[in-house]
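Participant: Quick one: structure below, then a few questions.
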Amino acid sequence: AGFGSLMQDVLWCFSQVKGTIDTGVTEADIISTVEFNHTGELLATGDKGGRVVIFQREQESKNQPHRRGEYNVYSTFQSHEPEFDYLKSLEIEEKINKIRWLPQQNAAYFLLSTNDKTVKLWKVSERDKRPEGYNLKDEDGRLRDPSMITVLRVPVLRPMDLMVEATPRRVFANAHTYHINSISVNSDYETYMSADDLRINLWNFEITNQSFNIVDIKPANMEELTEVITAAEFHPHHCNTFVYSSSKGTIRLCDMRTAALCDRHAKFFEEPEDPSNRSFFSEIISSISDVKFSHSGRYIMTRDYLTVKVWDLNMENRPIETYQVHDYLRSKLCSLYENDCIFDKFECVWNGSDSVIMTGSYNNFFRMFDRNTKRDVTLEASRENSKPRAILKPRKVCVGGKRRKDEISVDSLDFSKKILHTAWHPSENIIAVAATNNLYIFQDKVN
């Protein structure tokens, strides 16, 4: 099925679910980020317990064609541990905020993971041979008595069971006063940036003890603070360009060639507010929770509480497309404010050809919008309809009045079940959806 007419031609079917049984959910098991690597062969998840789990796509088998490209656990490792800042008397959570893959250069894989304060570069590599026949050590690794060595041996490599090792290669710490919300790898693959509420730092992969501050919006008097940085990302092709979004619903495009400190933006994207829609919650729901460049680099996608917007880099005054994710919640903003759901940070992703966008909602619903046909669909990630190869049925939410058999009332939505993190395979119709402690993987139905 082509990407262009996704809603018409593609039937999404359940592929698999990874996670624990819902009855024993602990806070540490909740998935906090999901990311495919550049080929889509690997899928990484991070959780609130500081763990990173990497899934690898199985090769297609002629004997089991129905297990087409399933993802199985490849490596699991503890990326971050809980820490305590004694100077500020603050606990630093181990929760993984973001994972970003580096393009593969050799047999090993590299990824960045970050919690609130520290970014780490991990190397994930395979080992299927081990050296044997040392002269100074026995097979258990103990040192031998030199006086007992009478024969010179040549060490040899022996086959062993495949072992996947994750080793930390770099630790980038002590550069952020506030919580890191974004990391983004530059297209030069030599640098990356990390963003917190008030600053964005530029790092070189080879230098861990020094970073370069490229954005600083901290006012001299913190009482004058009016907005914070919510997300940031590098342009996919131009290493000098990046964008960052704010809690005021604005996006700034910066060019690092202009000045060392990019406090002055090159472009400023903001949609004028409709006075008729102004309310107590306007500022809160206009805060942008995620910003993503399209693969082509021509567009920017932003997610606020109720909508997804697509911006053309050449038009700053308004978005070219606006999609309502869950407009039926507009009447529920008061109760959503009381239970803190209004502060949830939903992410958004493009498909491989930038023709379809996906983002999450409540009740384990997630939404897809086809930019070409203007169709949209609501799907649900749940264990009840997660039989292998089961085709997902579109869901509908009704507001008041009579409810049809296949619809769900807005009053019966479960706001504790939320899809905040999703990922789309870079070239195929395969999606990963994180629902609390479960990772759902769906793919298009092959006839």
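Participant: Report the label-to-label distance for Leu157 and Tyr189 in nanometres (one decimal), using points 7 Å from each Cα along the Cα→Cβ vector.
Facilitator: Inter-label distance under the simple model: 2.3 nm.
Participant: Calculate the FRET efficiency for Glu283 and Met222 from the Cβ-Cβ distance with a Förster distance of 22 Å, rounded to the nearest 0.05.
Facilitator: 0.75
Participant: Quick one: which of 218-228, 148-158, 69-79, 256-266 comes out on top by average Cβ neighbours within 10 Å, and what's the full order, highest first?
Facilitator: 69-79, 256-266, 218-228, 148-158
Participant: With +1 on the Cβ of every Lys and Arg and -1 on the Cβ of every Asp and Glu, and nothing else charged, how large is the dipole of the range 276-411 about its Cα centre, in debye rounded to the nearest 20?
Facilitator: That gives a dipole near 660 debye.
Participant: In what sequence, highest mean first, do 51-57, 318-324, 359-365, 127-133 appear when ranked by Cβ atoms within 10 angstrom?
Facilitator: The densest-packed peptide leads the list: 359-365, 51-57, 318-324, 127-133.
Participant: Charges on Cβ only, +1 for Lys and Arg, -1 for Asp and Glu, centred on the Cα centroid of the chain; of Gln59, Leu121, Thr26, which one is farthest towards the dipole's positive end?
Facilitator: Towards the positive end, the residue furthest out is Gln59.
Participant: Treating the beta-carbon of each Lys and Arg as +1 and of each Asp and Glu as -1, no other charges, what is the dipole magnitude of the chain about its Cα centre, to the nearest 20 debye?
Facilitator: So the dipole magnitude of the chain works out to roughly 1240 debye.
Participant: Here is a further query. Working out 0.36 nm times the residue gap between Glu407 and Leu11, then minus their Cα-Cα distance, what length gain in nm do you get to one decimal?
Facilitator: 140.6 nm
Participant: In this model, which of Lys88/Lys120; Lys18/Lys129; Lys18/Lys393; Lys98/Lys123; Lys48/Lys345 are farther than 19 Å apart at the alpha-carbon?
Facilitator: Lys88/Lys120; Lys18/Lys129; Lys18/Lys393
Participant: Does the range 189-285 classify as rounded, prolate or oblate by the C-alpha gyration tensor (a ≥ b ≥ c root eigenvalues; a/c under 1.5 gives rounded; else a/b over b/c gives prolate, otherwise oblate)?
Facilitator: Because a/c hits 1.5 or more and a/b exceeds b/c, the range 189-285 counts as prolate.
Participant: What distance in nm lies between label points placed 7 Å from Cα along the C-beta direction at Thr39 and Glu338?
Facilitator: Simple spin-label model gives 5.3 nm for this pair.
Participant: To continue, here is another question. Out of every Cα pair in the range 26-150, what percent are spaced more than 18 Å from each other?
Facilitator: 65
Participant: Another question, then. Whole number please: convex hull volume per residue of the Cα set in the range 120-211, in Å³?
Facilitator: Here the figure is 178 Å³ per residue.
Participant: Roughly how many whole Å is it from the C-alpha centroid of the range 221-236 to that of the range 385-447?
Facilitator: 32
Participant: A further question on this structure: Taking 0.36 nm per residue of sequence separation and subtracting the Cα-Cα distance, how much length would be gained by fully extending the chain between Gln104 and Asp274, in nm to one decimal?
Facilitator: Result: 56.6 nm gained on full extension.
Participant: How far apart, in nm, are the 7 Å Cα→Cβ label points at Glu321 and Leu136?
Facilitator: With each label point 7 Å from Cα toward Cβ, the separation is 6.3 nm.
Participant: Sticking with this structure for a sec: Can you give the charge dipole size of the range 117-196 about its Cα centre, rounded to the nearest 20 debye, using +1 on the beta carbon of Lys and Arg and -1 on the beta carbon of Asp and Glu?
Facilitator: 160
Participant: Just name one of Ile288, Asn240, Leu111: the one whose Cα is farthest towards the positive end of the charge dipole of the chain (beta-carbon charges, Lys/Arg +1, Asp/Glu -1).
Facilitator: Of Ile288, Asn240, Leu111, it is Leu111.
Participant: How much length is gained on full extension from Ser416 to Asn240, taking 0.36 nm per residue of separation minus their Cα-Cα distance?
Facilitator: Fully extending the segment from Ser416 to Asn240 adds 59.3 nm.
Participant: Among all cysteines in the chain, which have no other cysteine Cβ under 4.7 Å from their own Cβ?
Facilitator: Cys13, Cys239, Cys334, Cys341, Cys348, Cys398
Participant: May I pose another question? How many angstrom separate the Cα center of the range 106-120 from the Cα center of the range 152-170?
Facilitator: The range 106-120 and the range 152-170 have Cα centres spaced 22 Å from each other.
Participant: Let's test the formula: R0 of 22 Å, r as the Cβ-Cβ distance of Glu83 and Arg170. What FRET efficiency results, to the nearest 0.05?
Facilitator: 0.80
Participant: Using only DSSP helix segments of four residues or longer, with each worth -39500 (n - 2.57), what per-residue ellipticity at 222 nm results for the chain after dividing by its residue count and rounding to 500?
Facilitator: Computed ellipticity for the chain at 222 nm equals -500 deg cm²/dmol.
Participant: Next up: Assuming R0 = 45 Å, can you tell me the calculated FRET efficiency for the pair Ile149 and Lys123, based on Cβ-Cβ distance, to the nearest 0.05?
Facilitator: Step by step, r from the Cβ atoms, then E = 0.85.
Here, each number is a calculation from the coordinates, and none is a lab measurement. Because the structure is a prediction, the values reported are computed rather than measured. As a convention, Cβ positions derive from the backbone with ideal geometry for all residues, glycine included, and neighbour counts pool all protein chains shown.
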